[in-house]
Amino acid sequence: MSEQAGPSHYGGANRHHKPKPFAPIDFEPFAGGPDPARVSEAAHLAAQALVRHGRDSDDPVITERLVKLTDEQGLEAIAEMWAESPARSLPGALWRLYALRAATVQDPERISVYFRAGKDTAQVSNVVAGAAEPPGAEEMRTMADAILSGAFDGEFDVALERSAAFCRVVALGQATIADGAEHGNEAHASKLTRNSHQLVKTAEDLEHAANAWRLGELD
């Protein structure tokens, strides 16, 4: 999901799109512009501007507007500009933060089932992710907002690591449920297993991005 560059993301645009359903691992590619170099440059500049705008302000209203950007503009708006960015880049990391939040807010009950199934085994990741107990649907929504909010009003690398930990817990939960469903519903089990593997890859990309941020190398 990418977006157009510029401050219109913060609320100036009048376009409203209905968010497209996305699962946590459904990072589908979107078509880029006619000039890949210019599209890439715009994606990086917009990502830098958005993060700077959020981190330079101590106004909680601005933070909330940034967190709920896709609620107002639609996830496609983010996809238009950022979905094709390298996973281990600032726009790529932001895309994953927003897509994960959107997927969680859209179906928190299902995500909570996966999270509960994985949290006891992935104990370290569960603690890093920071979900309240017991991790129900509302707790999933609250955690998703808190993680993305932390990218703007906290430490950006910590937000990335919390999101990665969330991915790992959910992925383990998907794998656990897949193992239990393998004989009864092989197709469903196979899909959950694929999703789990993709989500682990997303976690690795977010962890790499967090380390790059600390080194001043995430752009």
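The values are calculated or read from the model by the stated rules, or taken from the named source; none is laboratory data. Here the structure is a predicted model, which is why all the values come from computation and not from measurement. Here Cβ is always computed from backbone atoms with ideal geometry, including for glycine, and neighbour counts include all displayed protein chains. These accessible areas exclude ligands, DNA and RNA; they are computed on the full protein's heavy atoms, side chains included. Shrake-Rupley method; radii C 1.70, N 1.55, O 1.52, S 1.80 Å.
Using only alpha carbons, the stretch 35-139 has a radius of gyration to Kirkwood radius ratio (Rg to Rh) of 1.03.
Modelled spin-label separation between residue 57 and residue 208, with each label point placed 7 Å from Cα along the Cα-to-Cβ direction: 3.2 nm.
Take every pair of alpha-carbon atoms less than 8 Å apart whose residues are at least six positions apart; their mean separation over the length of the stretch 24-215 yields a relative contact order of 23 percent. Among the GluC sites (Glu not before Pro) found in the stretch 160-219, those both in a DSSP coil and sparsely packed, with 15 or fewer other Cβ atoms within 10 Å of their Cβ, are 182, 217.
On full extension, the segment bounded by residue 215 and residue 194 gains 4.3 nm, given 0.36 nm per residue less the C-alpha separation. Remark: spin-label model distance residue 137-residue 109 equals 0.4 nm, labels positioned 7 Å along the Cα→Cβ axis.
State whether the stretch 61-114 is rounded, prolate or oblate according to the following rule on the C-alpha gyration tensor (a ≥ b ≥ c being the square roots of its eigenvalues): a/c under 1.5 gives rounded; otherwise a/b larger than b/c gives prolate, and the remaining case gives oblate. Note, shape of the stretch 61-114 comes out oblate. Rounded to the nearest 20, the Cβ-based charge dipole of the stretch 84-183 about its Cα centre (Lys and Arg +1, Asp and Glu -1) stands at 160 debye. Look at where the Cα atoms of the stretch 144-219 and of the stretch 88-110 average out, and the two centres are 9 Å apart. Here r is the Cβ-Cβ distance between residue 48 and residue 124 and R0 is 41 Å; the resulting FRET efficiency, rounded to 0.05, is 0.85. When a/c is below 1.5 the answer is rounded, else prolate if a/b is larger than b/c, else oblate, so apply that to the stretch 126-219 with a ≥ b ≥ c taken from the square roots of the Cα gyration tensor eigenvalues. The shape class here is oblate.
For the stretch 24-215, the spread of Cα coordinates along the three principal axes comes to 49, 38, 33 Å, biggest extent given first. Only protein atoms count toward the accessible area here, which uses a 1.4 Å probe; on the stretch 24-215, the carbon and sulfur part of that area reaches 52 percent.
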